[in-house]
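What follows is a single structure, written as C-alpha cells, with notes after it.
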Amino acid sequence: MRTTEMPVSITPALPSERLLISGMAQFYIYDFSEMAPEAEDGFGISEAGQFGDIPYFDDYWTEADRHVLLIRWQGEPAGFALLNTHSHLGGVVEHNMGEFFVLRRYRRRGVARAAVAEVLRQFPGTWEVAVAHYNYGAMNFWPKAIAAAPNVSGLVRHQGDGTQWRGPVWRFVAAAPDL
C-alpha cells in the first residue's frame with residue numbers, strides 16, 4: 001500500500017539509539033546471508049545466535065566523516081542508513097551509502113524510496129551508491145530511487161573493477177535544497 005505523502009523522517013542516531021541500530025543490523029545481515037555466495041565470509045552466527053557487526057560499525061559512531069541515520073515511519077523505527085566518504089571507483093566523493101536497510105514490514109510501501117530522497121536532501125554533494133553483485137533487488141531499487149529524488153542530477157552507472165568492488169556503482173550529484 002503506497003501513500004502519496006509519506007510520514008518518513010531521517011534523523012542522526014543518538015548514542016542512546018546505538019543498540020536499536022545494532023539490533024536492526026542483525027536483520028540486515030540476515031537478509032544478506034540469504035543472498036551472499038557460500039564462500040563469502042561474515043554471515044555465520046555465533047554461539048549466542050547472533051551475526052557479527054557490520055564492518056566498521058564502531059567507526060560510524062566515532063569518525064566525523066561518517067553518519068548514522070535512523071529512518072522512522074510514523075515515528076516508529078523503520079531502518080537505518082550509514083554514510084561514509086569511501087569511493088568504490090577511486091577519486092573523491094562527499095557521501096557514500098555504506099549501508100541502507102528498511103525493515104521488511106515497511107518494504108513495498110514507498111518508505112525506502114522516501115527515505116532515500118530525504119537522505120539526499122539532507123546530504124547534498126557528490127555521491128556513490130555501490131551494490132553487491134549478488135543483490136538483485138538492490139540493483140533494481142537503487143537507480144529508480146536515486147532518479148526519483150528531485151535534487152539529483154548526473155546519475156551514471158559504473159561497473160566495479162572486480163577487485164576493489166564487484167557490482168554496479170551509481171555516481172551522481174545531489175543538489176542542496178533552495179533556501
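The values are calculated or read from the model by the stated rules, or taken from the named source; none is laboratory data. Since the model is a prediction, treat every value here as computed from it, not as a measurement. Cβ coordinates were reconstructed from backbone atoms using ideal geometry, including for glycine residues, and neighbour counts include every protein chain displayed. Note: accessible area is taken over every heavy atom of the protein model, side chains too, but ligands, DNA and RNA are not part of it. Shrake-Rupley method; radii C 1.70, N 1.55, O 1.52, S 1.80 Å.
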May I ask you to verify whether Gln50 is open to solvent by 50 Å² or more (accessible area, probe 1.4 Å), at pLDDT below 95 and within 24 Å of Arg113 (Cβ to Cβ)? no
Is it true that Phe80 is closer than 27 Å to Gln26 by Cα, open to solvent by 10 Å² or more (accessible area, probe 1.4 Å) and aromatic (Phe, Trp, Tyr)? no
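Out of segment 59-77, which residues are out of contact with any helix residue (DSSP H, G or I) (no Cβ under 8 Å at 6 or more places or on another chain) and surrounded by fewer than 21 Cβ atoms within 10 Å (Cβ to Cβ)? Steps first, answer last, please.
Kept after step one, since they are out of contact with any helix residue (DSSP H, G or I) (no Cβ under 8 Å at 6 or more places or on another chain), are these residues of segment 59-77: 59-60, 62-65, 72, 74-76.
Across segment 59-77, the qualifying residues are Asp59, Thr62, Glu63, Ala64, Asp65, Arg72, Gln74, Gly75, Glu76.
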Among the residues in segment 27-39, are any in contact with a strand residue (DSSP E or B) (Cβ under 7 Å, 6 or more places away or on another chain) and either among the β-branched types (Val, Ile, Thr) or at pLDDT 95 or above (or both)? no
Within segment 137-151, take every residue that is modelled with pLDDT of 95 or more and either assigned to a strand (DSSP E or B) or among the small types (Gly, Ala, Ser) (or both) and give me the one that is surrounded by the most Cβ atoms within 10 Å (Cβ to Cβ). Ala145
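If I ask for residues that are of a type in the set (D, E, K, R) and modelled with pLDDT of 90 or more, which ones from segment 53-85 would you list?
Step one: filter segment 53-85 for residues of a type in the set (D, E, K, R), giving 53, 58-59, 63, 65-66, 72, 76.
Hits for segment 53-85 are Asp58, Asp59, Glu63, Asp65, Arg66, Arg72, Glu76.
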Could you say whether any residue in segment 158-167 is modelled with pLDDT under 95 and among the charged types (D, E, K, R)? yes
Quick one: which strands (runs of 3 or more DSSP E) lie wholly within segment 62-136 and hold at least 3 residues that are touching a residue at least 40 places away in the same chain (Cβ under 8 Å) and under 10 Å from the mean Cα position of the chain (by Cα)? 76-84, 95-102
Taking the criterion of being of a type outside the set (A, V, I, L, M, F, W, C) and closer than 24 Å to Gln26 by Cβ, would at least one residue in segment 88-97 satisfy it? yes
Cβ-Cβ distance below 6 Å, separation of 6 or more or different chains: which pairs start in segment 152-171 with a residue that is surrounded by fewer than 12 Cβ atoms within 10 Å (Cβ to Cβ) and end on one that is among the hydrophobic types (A, V, I, L, M, F, W, C)? Ser153/Val173; Gly154/Phe172; Gly154/Val173
Name the single residue that is most open to solvent (accessible area, probe 1.4 Å) among those in segment 100-134 being in contact with a Phe, Trp or Tyr (Cβ under 7 Å, 6 or more places away or on another chain) and closer than 22 Å to Asp53 by Cβ. Leu103
